[in-house]
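Data block below; observations after.
The values are calculated or read from the model by the stated rules, or taken from the named source; none is laboratory data. All values derive from a computational prediction rather than experimental measurement. Using ideal geometry, Cβ is built from the backbone for each residue, glycine included, and neighbour counts are taken over all protein chains shown.
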Amino acid sequence: MLELYFAHVNTMMNLPEKSDVAIAGGGLLGRLLAWQLLEAGHRVSLYDAGSFTESASAAHTAAGMISPISEAIDTEPLMYDLGLVGLEQWPQWLAQLSVESLPVHYAHQGSLILAHHRDQSLLQQYAHDMKRQLPESAQGQWLDKASINALEPDVADHFQQALFFSQEAHIDNRQLLSALLTRIQQLGGECIANTAVDVSANTIQCLDAGTVKQVDCVLDCRGVGAKVQWNGVRGVRGEIVRVQTDEIRLQRPVRLLHPRYQLYVVPKLNNEFVIGATQIESEDNSPVSVQSALELNSALYTINPAFAEARIVEMTSNLRPALNDNRPQIQYDNGLVKVNGLYRHGYLLAPVVVQHVLDLLQGKTTNSPFNDVLLKPIDVSQKRIASHA
Ligand SMILES: Cc1cc2nc3c(=O)[nH]c(=O)nc-3n(C[C@H](O)[C@H](O)[C@H](O)COP(=O)(O)OP(=O)(O)OC[C@H]3O[C@@H](n4cnc5c(N)ncnc54)[C@H](O)[C@@H]3O)c2cc1C
């Protein structure tokens, strides 16, 4: 069994070689951590309340934008600093996966911010907010119609001006989740589907069967599902529409600024596009509302009327796992690490968060500038929160 000790936030654990690790939740964080721990030689059991192939995770619904600038403007500059780690890390992780013949589409092509002529003031305000909040190196580049045409000819007809953020990227999230599952299984990871669990130090409890498993360390990556054991976790509803059309080509995510609703269109494989997303402070995870469907589809149509003939292949809602301050957090104690709060930025923040969890488990002392933001000892009062019972 693990010998854990406390000294400094970053040196309180030291997972011995070939430890038994149980991970609750096989969404984005659970799969990334399972993969990295297996590569490091540990034995991993990954539990999910649903299926691994038709995942109910927010990670499966997500658009997969890795957009430190656009996200920071809507939240806080910290997201920009955390997100820069993501931009650096993703190509390395994907190179590691593709060595194993598991290619994942990742495009570092930037993103475009657009507004119709009548809404130009929104674009000016956006540029102004960016200047106020973010460093010079993050400032976007103004494009005129000809430059928009050079980058994205299929939207140029309808827009006179745009802002271009060359640093941003996007990833095919579903291809990634599937590649991670394959690699976890290749490395001998045990994937246990349709099994809701509760967590405590060194113990994972299967709720239906009532069985209990003792391990060296438990990682809680249940997203909104961790709410029953983590006071402050909340779900924030997001709805997306997925369409398919051969009429339009986009190389990069496009965001449309609009006085009433904002929308993004993210290109996916097979000429599919994810259009999203609503952001509603509600834990209602029922299907997409008529109003949201109308708003998303109408705004899409104004980017290029050819979208009118696109076929709707999916309309889905899901809950983004958030904490009160909308920041990610890693809570730790002997034999238990809980990770949550990736909110709207899971793909952007996963690299920095996963690296801090791995360092914590290895007992590495790092002088990461994010230790104080991300790492917190488990609050004793949280341990008393009732479970499902
Ligand atoms: C509409 C939408 C669009 C988004 N777009 C983007 C984007 O463009 N870019 C970006 O960076 N982020 C985006 N996100 C956010 C991103 O998806 C999340 O931040 C990320 O998925 C959180 O990862 P996670 O592993 O914490 O949770 P999840 O991915 O939700 O995974 C949690 C897993 O835990 C399982 N689980 C729950 N309860 C239990 C239990 N009791 N026992 C066992 N398993 C359990 C669930 O089934 C699930 O598989 C979007 C999210 C949504 C909803």
**Request:** Could you pull out the residue among LEU82, LEU37 that is of a type in the set (A, V, I, L, M, F, W, C) and out of contact with any helix residue (DSSP H, G or I) (no Cβ under 7 Å at 6 or more places or on another chain)?
**Result:** LEU37
**Item:** Close pairs from the range 17-28: first closer than 22 Å to ALA179 by Cβ, partner near the ligand (Cβ under 9 Å from one of its atoms) and among the β-branched types (Val, Ile, Thr), Cβ under 6 Å, at least 6 apart
**Value:** ALA24/VAL197; ALA24/VAL199
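If a residue must be small (Gly, Ala, Ser), touching a helix residue (DSSP H, G or I) at 6+ places or on another chain (Cβ under 7 Å) and at pLDDT 95 or above, how many such residues does the range 324-379 contain?
Residues in the range 324-379 being small (Gly, Ala, Ser), touching a helix residue (DSSP H, G or I) at 6+ places or on another chain (Cβ under 7 Å) and at pLDDT 95 or above: 2 in total.
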**Prompt:** Quick one: which strands (runs of 3 or more DSSP E) sit completely within the range 111-195 and have at least 3 residues that are surrounded by 13 or more Cβ atoms within 10 Å (Cβ to Cβ)?
**Reply:** 111-115, 161-165, 169-171, 190-192
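For VAL266, are the conditions met, namely being in a strand (DSSP E or B), of a type in the set (A, V, I, L, M) and touching a helix residue (DSSP H, G or I) at 6+ places or on another chain (Cβ under 8 Å)?
no
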**Prompt:** Can you find even one residue in the range 238-249 that is surrounded by fewer than 18 Cβ atoms within 10 Å (Cβ to Cβ), farther than 27 Å from GLU314 by Cα and more than 21 Å from the chain's Cα centre (by Cα)?
**Reply:** no
**Where a residue in the range 120-146 is under 21 Å from TYR261 (Cβ atoms) and its partner, wherever it lies, is of a type in the set (Gly, Ala, Ser) and surrounded by 16 or more Cβ atoms within 10 Å (Cβ to Cβ), with Cβ under 6 Å and at least six apart** = LEU122/ALA115; LEU123/ALA115
**Request:** Can you work out which of the residues in the range 28-45 that are farther than 16 Å from VAL218 by Cβ and of a type in the set (Gly, Ala, Ser) is farthest from the ligand (Cβ to nearest atom)?
**Result:** GLY41
**Failed condition for HIS388, given (1) within 14 Å of the ligand (Cβ to nearest atom); (2) at pLDDT 95 or above** = (2)
**Complete:** Residue count, the range 257-291, condition touching a residue at least 40 places away in the same chain (Cβ under 8 Å) and more than 21 Å from the chain's Cα centre (by Cα), comes to 4
**Prompt:** Is there a residue being assigned to a loop (DSSP other than H, G, I, E, B) and either basic (Lys, Arg) or within 20 Å of LEU358 (Cβ to Cβ) (or both) anywhere in the range 93-101?
**Reply:** yes
**Complete:** In the range 211-226, residues that are assigned to a loop (DSSP other than H, G, I, E, B), within 9 Å of the ligand (Cβ to nearest atom) and either among the polar types (S, T, N, Q) or surrounded by fewer than 24 Cβ atoms within 10 Å (Cβ to Cβ) (or both) total 0
**Item:** Leading residue by the ranking (surrounded by the most Cβ atoms within 10 Å (Cβ to Cβ)) among those in the range 283-341 that are away from the ligand (no atom under 16 Å from the Cβ) and of a type in the set (D, E, K, R)
**Value:** ASP333
